[in-house]
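Before any comments, here is the structure.
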Amino acid sequence: MADNDFIVSKTDLKGRITYANRIFMQMAQYPEAELLNVQHNIIRHPDMPRGVFRFLWDTIKQNQEFFGFVKNMAANGDYYWVFANVTPDYGSDGQVKGYYSVRRKPSAAAIQAVTPLYREMLAIEKRSSAKEGPDKSIAYLKQFLADNNTSYQDLAFNLYKS
């Protein structure tokens with residue numbers, strides 16, 4: 001991903017892709033026809049803790065923006081990291097009709113900083129049941145944030161700026 005590239009996508013309320021820009025298609029290595037109306041998690045990398053996505057959904061369902069780091073998987077199995085901003089997409093009636101996401105290239109330092117956190121969250125999930133895993137990894141994330149006297153958004157912004 002080039003420094004000035006922006007990956008853009010839109011989803012409906014259930015996370016099905018309704019729009020994908022060309023850079024998204026190039027990075028994910030999927031043609032448009034294989035992305036539209038498909039769950040956005042088609043590009044979810046198995047190294048990503050489910051708790052991060054639960055945290056993302058909890059945030060955007062409260063009509064708040066989410067900023068964070070995500071490791072995605074391309075159709076051929078390659079991966080790429082992004083700094084993601086996900087925000088509610090409002091219709092003309094003022095109701096949320098879906099979600100809009102813009103992703104940028106993160107710094108190597110940010111990826112190095114977030115990788116151990118995500119690795120531990122994923123390990124917690126693997127030691128737990130499928131139902132309890134995401135909640136336990138979110139609890140770990142929240143404790144990590146409290147121990148570091150920060151919020152997830154502040155952590156993400158500070159790492160992105162590094």
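None of the figures in this text is laboratory data; all of them are computed from the coordinates on show. Since the structure is predicted, the reported quantities are computational estimates derived from the model, not experimental observations. Backbone-built Cβ (ideal geometry, glycine too); neighbour counts: all protein chains shown.
General remarks:
- Of 69, 83, 144, the residue with the greatest mean-square motion in the GNM of the chain, using alpha carbon springs below 10 Å, is 144.
- Förster radius 30 Å - calculated FRET efficiency between residue 63 and residue 162, Cβ distance, rounded to 0.05: 0.55
- Radius 14 Å from Cβ of residue 1, net charge of other residues (Lys, Arg +1; Asp, Glu -1): +2
- Amide proton proximity set for residue 18, modelled H, under 5 Å, gap of 5+: 10, 11, 12, 37
- For residue 90, residues with placed amide H under 5 Å, excluding near neighbours: 97
- Point-to-point label distance, residue 147-residue 21, nm (Cα→Cβ direction, 7 Å offset): 3.7
- Sorted ascending by nearby beta carbons within 10 Å, beginning with the fewest, 50, 103 become 50, 103.
- Across 41, 63, 148, mean-square fluctuation computed from a Gaussian network of the chain (C-alpha pairs under 10 Å connected) peaks at 148.
- Near the amide H of residue 45, within less than 5 Å, lie the amide hydrogens of 73, all on another chain or at least 5 residues away, with H placed in the peptide plane.
- Zone of residue 131's modelled label, taken as backbone nitrogen in the stretch 48-78 under 19 Å from a point 7 Å along Cα→Cβ: 50-51, 54
- Of 14/126; 97/136; 97/161; 71/131; 14/105, pairs whose Cα-Cα distance is over 28 Å: 97/136; 97/161
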